[in-house]
Amino acid sequence: MRKILLATTAIVGFVVAGAAQAATTPLNVTIGGDADFVAGAFHESKASTGANQAHGDFETLYDLNFGIDGKAGNGVEYGGNLSLNNNPDISNMFNGTSDGIEVTDANVFMSGAFGKVVLGDSHGATDLAVTAPTVGEGQVNGRYVDFLNTQTFAKTFVYGVDGTDHSTNVTYFTPKVGNDMNKVQLGVSYIPNFYDYGSSVVQTRALNTSTTVASPYGNVVKGALAYTGTFHPVSVGVSADVITGSANTGYDGQSWLSGIGTNAASGAKVRDFTAFDFGAKAAAQGFTLGATYSDQGHYNTVAGQTKQQQQYGAALKYEFSKVGVGVSYLGGEGYDNMLTTGGTSTSGYDYISEFNSYGVGGTYAWAPGLTTNADAVLFDQKTESSVKNDGYVLLISQKLAF
């Protein structure tokens, strides 16, 4: 199935590319981005001694996005996207950001009555997923995790399977089917190596494992289905997606988990996984209410780690004039092999048996593109061995989007 999907999508892409050669309109290039300065106050009960016990710090993230689009004589639209930022990959997201700029999205697309084909680095089909609404810095799904310790707080649990993914892939989106009031769309992606992007290929990694991009899974397939409807005065959105991948056990002689976390024993192998996600939201009169559920299957686990992994959350947002406010919740249980305090995997420290986070946030728009944002998140987590960690993160930011 995966080979058929790859071959079919590639053929469609090349055929459409050939048909689009005779452009009737010039290429349009749009540039946008943002710069976001954040001040944070935080506390974590299990943070180790030293710098991790600091109670305040600053952070700045910035993005630069380029969009290119044109239209061929036969009506086919084509173009590309290029995004650069200073928080690009999975290692930075878990272990700290820097001023280094890397490309996160780099792809070409062709679209028409046949649908849309996207080739390159992107999130792929799961761009159709409905997520819980937030304001400010994202509350329980947002920036607060940057201010917590990767070895004591379950960041991998918050990000989930797809939160850090911009792998090189081929993706096909069907046309939106329906009428002005109800529409359905399907997307499907094939990814040779999960979390692998840019010029990195398997032969390059084999020669230089010191620069290995975290790529524990191969032959990954994503499928997503989204529905949007309007029932005046309410608009709704519903989505379901599945992600499945095979363990890439031999790419550098050890598993991804044993490379980045101490709870996975040396030489331990990741397990094949299939994960499911569901999302729904409804909006009316400035209010947006949304909920999500995720079953992560065996994602991010090794042999012997067989307990349930799930996430569930809900959020409510209200926007009026220049102001937006929101509340959100995220909970569940699952494995995090990057946790190191409290023993080895046999002690039960690697399994988060209880996780809860509660967030409130707000934003105020001073002028077009200029906003002040605030977040407050309380969290608590408990491992199977009854090691508890709780705390808070308070954020205030000044953001310029252009």
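The values are calculated or read from the model by the stated rules, or taken from the named source; none is laboratory data. Note that the structure is predicted; figures quoted are calculated from it, not measured. Counting neighbours? That spans all protein chains shown, and the Cβs are built from the backbone with ideal geometry, glycine included.
Checking each residue in segment 295-316 for being of a type in the set (A, V, I, L, M), under 18 Å from ALA247 (Cα atoms) and touching a residue at least 40 places away in the same chain (Cβ under 8 Å) picks out only VAL302.
ASP277 meets all of the listed conditions (1) part of a loop (DSSP other than H, G, I, E, B); (2) among the acidic types (Asp, Glu); (3) at pLDDT 95 or above but one, namely (1).
When each of GLU77, GLU44 is tested for being buried (at least 17 other Cβ atoms within 10 Å of the Cβ), among the charged types (D, E, K, R) and either under 23 Å from LYS116 (Cα atoms) or modelled with pLDDT of 80 or more (or both), the lone residue that passes is GLU44. The one condition from (1) hydroxyl-bearing (Ser, Thr, Tyr); (2) under 15 Å from GLY142 (Cα atoms); (3) over 21 Å from the mean Cα position of the chain (by Cα) that TYR351 does not meet is (2). For segment 321-335, does any single residue satisfy the condition of being surrounded by fewer than 17 Cβ atoms within 10 Å (Cβ to Cβ), over 30 Å from ALA401 (Cβ atoms) and touching a residue at least 40 places away in the same chain (Cβ under 8 Å)? No, because not a single residue in segment 321-335 is surrounded by fewer than 17 Cβ atoms within 10 Å (Cβ to Cβ), over 30 Å from ALA401 (Cβ atoms) and touching a residue at least 40 places away in the same chain (Cβ under 8 Å). Checking each residue in segment 364-392 for being farther than 28 Å from GLN305 by Cβ and surrounded by 21 or more Cβ atoms within 10 Å (Cβ to Cβ) picks out THR371, ASN373, ASP375. Restricting the first member to segment 378-402 and to residues that are under 16 Å from ARG143 (Cβ atoms), and the second to residues that are aromatic (Phe, Trp, Tyr) and not in a strand (DSSP E or B), the beta-carbon pairs closer than 7 Å and six or more apart or on different chains are VAL393/TYR144; VAL393/PHE147; LEU395/TYR144. Looking across segment 135-187, the residues that are under 29 Å from GLY286 (Cα atoms) and among the acidic types (Asp, Glu) come down to GLU137, ASP162, ASP180.
Looking only at residues of segment 270-320 that are of a type in the set (Gly, Ala, Ser) and over 30 Å from THR363 (Cα atoms), we find that the one that is surrounded by the fewest Cβ atoms within 10 Å (Cβ to Cβ) is GLY304. Could you say whether any residue in segment 135-149 is outside any helix (DSSP H, G or I) and hydroxyl-bearing (Ser, Thr, Tyr)? No - not one qualifying residue is present in segment 135-149.
Table: residues versus (1) modelled with pLDDT of 90 or more; (2) not charged (D, E, K, R).
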site	(1), (2)
GLY324	yes, yes
GLY332	yes, yes
GLY343	no, yes
GLY348	no, yes
PHE355	yes, yes
GLY361	yes, yes
THR372	yes, yes
ASP375	yes, no
GLU384	no, no
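Please determine whether any residue of segment 59-74 is closer than 27 Å to ALA113 by Cβ and either at pLDDT below 90 or assigned to a loop (DSSP other than H, G, I, E, B) (or both). Yes, because at least one residue in segment 59-74 is closer than 27 Å to ALA113 by Cβ and either at pLDDT below 90 or assigned to a loop (DSSP other than H, G, I, E, B) (or both).
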